[in-house]
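Below is one structure; the comments refer to it alone.
Please treat every number below as a calculation from the coordinates, not as lab data. Nothing here was measured: the structure is a model prediction, and the numbers come from that model. Cβ placement follows ideal geometry from the backbone for every residue including glycine, while neighbour counts extend to all protein chains displayed.
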Amino acid sequence: MDILKCLPPEISVKILSFLNLKDILNCSLVCRLWYDLTNTNLVWKRFWEEDIPLKECEASKDFGWILSQPCKWKLYFMNHKKIIHNWEEDRYKRHEINGRWINSTAYDGKTLVINNHGLEVYRIEKGNLVHCQKLSFKKYDAYMCATNTSYIVVKYKPLILVYHLINDRYKVAHMLYIRDRDSKLICSKEIRVLNEVNEQSSLYTVGSNLMCILGHTLYVYMPHVKIMYAWNMKEMICLIEIKAHMSDFLYDKERVYICVNDSITGYDERARMCFAVTPHWNIYKMHVNNHVLVAVGDGHSEVDICAWDKQTGTLLYNKKMFVSADCLLHPTKDILVDVLDAWPLEKKEIFACNIKDNMILWRTLIGEYSILGDLHSIVADRFLLFFTYSRHIVDIHDAKYGNYLYSLYGVDDDDVFASYDILIYAKNKSVKLVVHVYS
């Protein structure tokens, strides 16, 4: 007797929503009814990790669906697994585009903005780069931008331009600037005012990368006046001004985390303070994953580590660990990943260490060509790692076990931009950028 036939569909779906992934897949093979009951958003949405970007996708048209096509959240899940598999197998669509600066690249999982004597706006659709628009502003050169598709915000030397997406085109909504040393953020919608802004009035530090978008709110740090502003781009009002010398700045989908010396404060998209925490030592770097916020002290062989629940600010760990200050936090687990010299082998070694008990989970030696290394990460459930060396080689490892996967060659040092489903790099100081799309 098929018990699911005897129950109302909503009850059957509720029961199925408690099963794990393997059981759901097995249930979907029983019969047409069970396939339809498992092919629902309620069942599949709970398998989604909150920090994974939502990639718009469609069911493959070259696959004859005998039954109904997958539901929306099942498609999201299938597409995510496809992206991870493509990273592991080094499968991608390769594109070359004109471009110059990796550090002014912005990407939110849908919209890609690249600096090429003006900002080129692309959409990534089915593994292809689709050019949408070029944004340029007089003689000024953009050196930083941020996007959440609805908005593109661009830092030029004398000002900040806010573009808004209207009818599939980005148009200047307003501009922001500070006159001389006055700390007040000035907003204008008049294009003629752009010509009146003194280029020397607001020279930002080029190295400052403290800018992000949460919803309709722009968080931007002005280093010349040492103020962090939270600016509501829809209502065109300044929500808060935080006057301090920022030592670090971090954000995720929910919050912005601002570090000043030995304290961290979290703010939401309405610029409301969520919590403030203090480890009582100077913070060298912050990390955040899907459930913890970690502060790392300065040091080379043993450093102070503090971790808090990122929702409440509750202290979880406060200890010393044998990692360097440049370690990385796993995006889904309480694990730190680091690189060190493996003497007397004259090689380097990467390792993963559990924050809770300081237990080493795995160690892996890096190849013989490894002379200098910088650690980079890609947000994915297998947490792929980058190791960039002076011989223009990038190694990619699987951080679940530390296994070496493959290498990229001819990549300029430090000119790598990696995100969920794309990799961008300048190849041998050329004027073109190479884009790998894994979705």
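Packing, taken as the mean count of other beta carbons within 10 Å per residue, orders the peptides 164-173, 303-312 from highest to lowest as 303-312, 164-173.
Among 243-255, 210-222, sorting by the average number of other beta carbon atoms lying within 10 angstrom of each residue, highest first, gives 210-222, 243-255. Couplings 3J(HN,Hα) for segment 248-265, derived from phi with the Karplus relation 6.51 cos²θ - 1.76 cosθ + 1.60 (θ = phi - 60°), are 7, 8, 8, 7, 9, 5, 9, 9, 10, 10, 10, 10, 10, 6, 10, 9, 10, 10 Hz, where x marks Gly and Pro.
Taken along the Cα-to-beta-carbon direction at a fixed 7 Å, the label points for Lys189 and Asn103 span 3.6 nm.
In this simple spin-label model, placing a label point 7 Å from the Cα along the Cα-to-Cβ direction at both Met78 and Thr312 gives a separation of 4.0 nm. Measure off 7 Å from each Cα along the Cα-to-Cβ vector at His291 and Lys93, then give the distance between these two points in nanometres to one decimal. With each label placed 7 Å out from Cα toward Cβ, I get 3.6 nm. Can you tell me the FRET efficiency between Val130 and Glu254 if r is taken as the Cβ-Cβ distance and R0 is 30 Å, rounded to the nearest 0.05? Working from the Cβ atoms, E equals 0.55.
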